[in-house]
C-alpha cells in the first residue's frame, strides 16, 4: 500500500524530525535506543508488542512474526531490560525475508552478525547473548507501549538512522512532517549561503532558522 507520509519521513533524518517534534511540544525521541550499525536506516509504521516476566508455566516469546505485514516496524517493549534478549537470528531472517522495515526494542537483542550481513535494521539499548526464553513472555500485541520513555501506539510513524529513533504520533504526523521539511529546506539554504561566502549568523538570520525551531502551540 502506498503511504505518502512514510515516504516523506524517509527523506528526513532523525535530528531534523526531532527539532520538528520539539517545535510542536511532542516527546518523540526514544531515549538510549540506538542502531546496532550506524548504517542502518528504517522508516515505517509501528506494530507493537508488550513483554512481561515469564509465568509458570512460561508463555511464548516470539510466535507473532507471521502476523506482521511487509513495511511495518516491529516495536518490542521489554521495559529496558538488559539481562535477557527478545530478538535473535531466526526472527531477523524471517523479518528480512518478509520485507519488514526494521525492529525497535526497549531492551536488548542478540545475533548482531546476521543483522549486519543482511542489513536488517535493529535499534535497541544494547546486545548480549542471553535468551529471553522462559524469562519473559508476550503480554499483549498491538497495544500502546513505552520505548525509551516515548509512547508508541500501533500505526505511529517511526524513523531510525545513525542518531537513533523518533516516533511521530499518527494524529500529528502531517504537522510534524511539514515542520521538518521547512527546517530541512532552511538548513539546505543556509549551507548554500555559507558556501557562497556568507557568515553563518547572516545565513541563519536570512533564512529564519531560529524562528523555525521556536515552539508553537499545537
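Where a number appears in this text, it was derived from the coordinates with a stated rule and is not lab data. In this text, all values refer to a predicted model and were calculated from it rather than measured experimentally. Neighbour counts are summed over all protein chains in view; Cβ atoms, including those assigned to glycine, are modelled from backbone coordinates with ideal geometry.
General observations
- Three-way shape call for the range 84-161 based on the alpha-carbon gyration tensor, with the a/c threshold at 1.5: oblate
- Here r is the Cβ-Cβ distance between residue 142 and residue 205 and R0 is 41 Å; the resulting FRET efficiency, rounded to 0.05, is 0.30.
- Spin-label model, residue 163 to residue 22: label points 7 Å out along the Cα-to-beta-carbon direction sit 0.9 nm apart.
- For the range 132-185, the spread of Cα positions along the three principal axes, ordered from largest to smallest, is 50, 26, 15 Å.
- Between the Cα long axis of helix 14-23 and the first principal axis of the chain there is an angle of about 70°, rounded to the nearest 10.
- Between 0 and 90°, nearest 10: helix 89-98 axis offset from the chain longest Cα axis: 60
- Rounded to 5, the percent of DSSP beta bridges in the chain classed as antiparallel: 55
- A helix-only calculation puts the chain at -9000 deg cm²/dmol for mean residue ellipticity at 222 nm, using -39500 (n - 2.57) for each DSSP H run of at least four residues, averaged over all residues.
- Extent along principal axes [Cα atoms of the range 40-107; Å; largest to smallest]: 35, 22, 19
- Anisotropy class of the range 50-197 from Cα gyration tensor, a/c 1.5 cut: prolate
- C-alpha center-to-center spacing [the range 123-151, the range 48-99] in angstrom: 7
- Taking 0.36 nm per residue of separation and subtracting the Cα-Cα distance, full extension of the segment from residue 94 to residue 31 would add 19.9 nm.
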